[in-house]
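The values are calculated or read from the model by the stated rules, or taken from the named source; none is laboratory data. Note that this is a predicted model, so its numbers are computed, not measured. Every residue, glycine among them, receives a Cβ derived from its backbone with ideal geometry; neighbour counts consider all protein chains shown. SASA here: full protein model, heavy atoms, side chains in, ligands and nucleic acids out. Shrake-Rupley method; radii C 1.70, N 1.55, O 1.52, S 1.80 Å.
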Amino acid sequence: MKKKKGLYLELFLSTLYLSAFTFGGGYVIVSMMKKKFCDDLHYIDETEILNLVAIAQSAPGAIAVNGAIVLGYKMAGIPGILVCVLGTVIPPFAIIYIISMFYHAFIANEIIKNLLVGMRAGVGALIASVVYDMGAGVIKENKWRAMIIMGATFILNYILNVNIGYIVLGCIAIGLFDCFVIHKKVDEA
């Protein structure tokens, strides 16, 4: 039981830290989660972090919270979910509460405005880093189908301006076809 308490505390403090010092949304926290849980603590490997991100993106809600749910469940079941989600949501709630108390002072302050503009640039770089890391993982494993889907998704959304909802539905259809048709034939053979 003492070992589990240590795990719960480590999960709580890790998710609390990541959530408190991550600005810019869910994709930014992905690289920090990889560094903490994959590289430092060795709770999960790179393939599992890619799967965690895919699940977190696919589920409704914030990526950080969805990622905390998946990680918490993998590490410690339902109590792990509660611990990780609590650690993930406390910092944003506290920060938003404090900002709301001083909203009018913040909105008129030039230093705060410039700080937020500077943070946008940093967030953009972190998101680019996450995309690079995830793409490199797919390419390293030499998964041609995943590389083709990744390229097609980029072209459809960025160049042809296809609504991302249709692209997600198409990817779901490809995944279902792969799971129930292609892998079924392989399993039967």
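The string of couplings for segment 82-88 from the Karplus curve (6.51, -1.76, 1.60, θ = phi - 60°) is 4, 5, 5, 5, 4, x, 6 Hz, one whole number per residue in order, with x for Gly and Pro. Exposure check, 1.4 Å probe, all protein chains in place: C171 carries approximately 50 Å² of accessible surface. Per residue, the accessible area of the chain comes to 67 Å², computed with a 1.4 Å probe over protein heavy atoms only. Normalised by the number of residues in segment 29-100, the average gap of Cα pairs under 8 Å and 6 or more apart makes the relative contact order 18 percent. Projecting label points 7 angstrom from Cα along Cα→Cβ for F154 and L116 puts them 3.2 nm apart. Within the assembled protein chains, the solvent-accessible surface assigned to L82 is about 120 Å², based on a 1.4 Å probe.
Measuring with a 1.4 angstrom probe and ignoring ligands and nucleic acids, E141 comes out at about 70 Å² accessible.
Normalised by residue count, the chain yields a Cα convex hull volume of 166 Å³ per residue. A Förster distance of 30 Å, applied to the separation of the beta-carbon atoms of D45 and N163, puts the FRET efficiency at 0.35. Give me the percent of the accessible area of the chain that comes from carbon and sulfur atoms, probe 1.4 Å, all protein chains in place. Taking all protein chains in place, the chain shows 72 percent carbon and sulfur surface. Look at the alpha carbon pairs under 8 Å that are at least 6 residues apart: their mean separation over the length of the chain gives a relative contact order of 21 percent. Per residue of the chain, what 222 nm ellipticity follows from adding -39500 (n - 2.57) for every DSSP H run with n ≥ 4, rounded to the nearest 500? Mean residue ellipticity at 222 nm (helix-derived): -26000 deg cm²/dmol. 3J(HN,Hα) along segment 70-76, derived from phi through the Karplus expression 6.51 cos²θ - 1.76 cosθ + 1.60 where θ = phi - 60°, amounts to 5, 5, x, 5, 4, 7, 8 Hz, with x in place of Gly and Pro. Placing a label point 7 Å from the Cα of V138 along the Cα-to-Cβ line, the residues of segment 162-184 whose backbone N sits under 20 Å from it are 162-180, 182-183. Label-to-label distance, Y97 versus I78, with points set 7 angstrom from Cα along the beta-carbon direction: 2.7 nm.
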